[in-house]
1. In this structure, is E:P17 crowded, with 19+ Cβ neighbours inside 10 Å, out of contact with any strand residue (DSSP E or B) (no Cβ under 8 Å at 6 or more places or on another chain) and more than 14 Å from chain D (Cβ to nearest Cβ)?
2. For the list (1) touching a strand residue (DSSP E or B) at 6+ places or on another chain (Cβ under 9 Å); (2) over 20 Å from E:K7 (Cα atoms); (3) free of Cβ contacts under 8 Å to residues at least 60 places away in the same chain, I need the number of the one condition that F:A106 fails.
3. Report those strands (runs of 3 or more DSSP E) wholly inside segment B:51-157 carrying at least 1 residues which are buried (at least 19 other Cβ atoms within 10 Å of the Cβ) and within 14 Å of chain E (Cβ to nearest Cβ).
4. Scan segment A:121-157 for residues that are of a type in the set (K, R) and farther than 29 Å from A:T8 by Cα and jot them down.
5. Which residue out of C:A67, C:A106 is among the small types (G, A, S), over 15 Å from the mean Cα position of the chain (by Cα) and more than 26 Å from D:R89 (Cα to Cα)?
6. Please verify whether segment A:34-43 includes one or more residues that are at pLDDT 95 or above and in a loop (DSSP other than H, G, I, E, B).
7. Please work out which one of (1) more than 22 Å from B:L78 (Cα to Cα); (2) in contact with a strand residue (DSSP E or B) (Cβ under 7 Å, 6 or more places away or on another chain) is the condition B:M56 fails and give its number.
8. Being of a type in the set (S, T, N, Q) and within 23 Å of A:E119 (Cβ to Cβ) is true for just one of B:N154, B:N133. Which residue is that?
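The values are calculated or read from the model by the stated rules, or taken from the named source; none is laboratory data. Predicted, not measured: the structure shown is a model, and the values here were computed from it. Every residue, glycine among them, receives a Cβ derived from its backbone with ideal geometry; neighbour counts consider all protein chains shown. Surface accessibility is based on the protein's heavy atoms, side chains included, excluding ligands, DNA and RNA. Shrake-Rupley method; radii C 1.70, N 1.55, O 1.52, S 1.80 Å.
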Protein chains: 6
Amino acid sequence: MPNDKIKTAVFPGSFDPFTIGHESVVRRALDMFDKVIVGIGWNTTKSRFFPIEKSMESIRRVFEDTAGRVEVKVFKGLTVDFCKNEGSRYILRGLRTAADFEYERAIAQTNKAMYPDIETVFLLTLPQHTHVNSSIIREIIKQGGDVSLFVPKNYML
Amino acid sequence: MPNDKIKTAVFPGSFDPFTIGHESVVRRALDMFDKVIVGIGWNTTKSRFFPIEKSMESIRRVFEDTAGRVEVKVFKGLTVDFCKNEGSRYILRGLRTAADFEYERAIAQTNKAMYPDIETVFLLTLPQHTHVNSSIIREIIKQGGDVSLFVPKNYML
Amino acid sequence: MPNDKIKTAVFPGSFDPFTIGHESVVRRALDMFDKVIVGIGWNTTKSRFFPIEKSMESIRRVFEDTAGRVEVKVFKGLTVDFCKNEGSRYILRGLRTAADFEYERAIAQTNKAMYPDIETVFLLTLPQHTHVNSSIIREIIKQGGDVSLFVPKNYML
Amino acid sequence: MPNDKIKTAVFPGSFDPFTIGHESVVRRALDMFDKVIVGIGWNTTKSRFFPIEKSMESIRRVFEDTAGRVEVKVFKGLTVDFCKNEGSRYILRGLRTAADFEYERAIAQTNKAMYPDIETVFLLTLPQHTHVNSSIIREIIKQGGDVSLFVPKNYML
Amino acid sequence: MPNDKIKTAVFPGSFDPFTIGHESVVRRALDMFDKVIVGIGWNTTKSRFFPIEKSMESIRRVFEDTAGRVEVKVFKGLTVDFCKNEGSRYILRGLRTAADFEYERAIAQTNKAMYPDIETVFLLTLPQHTHVNSSIIREIIKQGGDVSLFVPKNYML
Amino acid sequence: MPNDKIKTAVFPGSFDPFTIGHESVVRRALDMFDKVIVGIGWNTTKSRFFPIEKSMESIRRVFEDTAGRVEVKVFKGLTVDFCKNEGSRYILRGLRTAADFEYERAIAQTNKAMYPDIETVFLLTLPQHTHVNSSIIREIIKQGGDVSLFVPKNYML
């Protein structure tokens, strides 16, 4: 008997900027979940490199072809509270490296301690995306380099 | 619009023996997937500690309460071929440690190179199960120790 | 012939805040050492989230039941100098993850290079405390979450 | 009030062979513990490279200068049972690398699950001993190389 | 003033089999070194999956286009002794993962302890080759799978 | 036929300060490369602890004995652009730990994505230098400690 609820995953992050690695994780997750909400965490104590409104708009455009199955929202507060509000029990995350893993595990286990029904689901980034990460991209931009290789096609930085 | 296919995940391993960590991963995956197939890989070149027939029977008993949503099968050959035969595009794996992660990533990326439609989905083991692994359990048994803490309730070793 | 000197260990850190993981390490160390000094390092170039006086007072209260075997002190300067002043040759640290380990090893080997008689003694955090760390706790507080699960009973934040 | 019981640590391993790294860990532990028992685990299912009797004799000779504070024993069965029999609540282990750490943590947490009073105490190997390990030494010997740099002075292989 | 000696690197391994990752490391090293010797270590105590003569012949064919700048040899004994005999002071190795790194570091530091003039030079494998390793390839073959994606074009298994 | 171009490696970093570990990597690289350019990256958004002019002068002095084969330069912008300008296709980096490795791999693969002809060449730091790193040195100085053990002889801080 199929499990008939609509399954929504939240893909939280700062996405400063959103990369081709992020895009790939969301697209692959659309096979497993009915809906994926890209949740841009608004951290009042850490300033962003790219303005949050433009990031939201840019990510929306990346997923224009998904018939509304990807939503992009900004949230304040805890990720687990955002999940509850959105009726989602799944947090989606991409894993690139062993260092990533250690950090992600701490966050995921903390989230589960605070909200036992939550499950963090990990997909791997593709091999060719392993080195792509937002902080290196910001560094390249600061040094005047071109990062179009590392963000989705037509992404507005 | 909900995604209406039946979603089946394959949970492959040697399960020599099946642990409380394995059990927890399968039970949590039942929320995301309609069916989970525990696939015991039959490796003709490596001998098992526990007989495969008894392992299959023991694991089945662990999931008697799941209304048939967990199946237990033995397979020969490649995991990706087993998935194709079962009509599954998802491989389910548990992650415990950073060392696990490196190994799991190599296997998952190799599987994807051989069968691009396959997706490996990782769940974390619970914190209290992080140290539970089959090879340590076999070692304890060889030394005459009691392992009932580390296998599912009523599991027949 | 028993080794009859009083053995004092220094447990240094910023403890911003002190967690249930820290508490557990100190309590278990009391079996090995006669005295444990919780040393709150005062770093003039990095501002604290919780005021140092209140942290000192809060930690003291946690160990009120130890008959004076746990002392809480603030120190400026190098940890090895604090150890010398306190007549301690042991630095006590808890290890949670492989990432922790790499960092702790660098610090411990640097301390030993500066003061060859010092020995850093590591205990593991308990499995259920692996994900508890001060920086995640601070982040939860900033997002308006409840952290009482992660700090000692009656700890004043 | 000093803690007046005699403190004994068990340093378990296969010591096949015992290295300068092992020697250094034992000598440094003698400051913290009244007695250290080097416990050579006798694994009936894994054959040794060096005969166990000769290893026991060789290690004893290394610590002839310690006034009887280091004992060398062979044990069968679980390490935690050996500790109980010897009246020791401390398992001593050296840590070299992050890979070591992951393995050691699993073993230590399993031991604590089976015998909650046991505490595994870790010391770091010295930087110059980080690469010294028994399996590399065996490999060098198989290839006809000289390993005297890696074992204690006068150690009989 | 250019450094005018001929620079030869030894690329040691069991190459059981040689992979596209190995090929890429050798080709990139040809820019830095005048000659690269692929040294297949003959380990009398570990049996090979592929016969050593055929492996040697297959690897030679891979580098037929390099005008003799890549040589393929079998050696017994220590890698450092092979390097001395070949007049090489450089050991070339590819790095894929953090787990690789820990192992490679131990080997390289042991080699340097035995032969201080030797230098191990590491290149990274390309991102798309990160998961390609000889033991996974052997496993796929045992399971009846096709590995042509993972070995050099025209490589004879 | 020897490869007759002059081989130049760029050793980029912030060198804030330059350590004995850095010195050792450069000296060992002089056997492989004809010239090594120590490139101090000038990051306009991150302030230095030591003034860049003094660092440049201090590093130059360290290599006064190398007959001009080590040059010290300050650069702005991307490391790959600096390499192109200097006619170098080699980036030289030292590896200390597994954590280092993960970070270095991301940077190196990003550089290769932007400039496919670049090759990052890694040497290991010596075992006794594994724990020496610039950020720990800065921390010791802030705490009033002596760091002369960790920087090259006669290095002006």
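1. When the stated conditions are applied, E:P17 passes them.
2. (1)
3. Working: elements: B:70-75, B:90-95, B:119-124.
Once the strands (runs of 3 or more DSSP E) in segment B:51-157 are filtered for at least 1 residues that are buried (at least 19 other Cβ atoms within 10 Å of the Cβ) and within 14 Å of chain E (Cβ to nearest Cβ), what remains is B:70-75, B:119-124.
4. A:R138, A:K142
5. After applying the criteria, what remains is C:A106.
6. Scanning segment A:34-43, I find at least one residue that is at pLDDT 95 or above and in a loop (DSSP other than H, G, I, E, B), so the answer is yes.
7. For B:M56, the failing item is (1).
8. Values: B:N154 fails: within 23 Å of A:E119 (Cβ to Cβ).
Within the list B:N154, B:N133, the selection yields B:N133.
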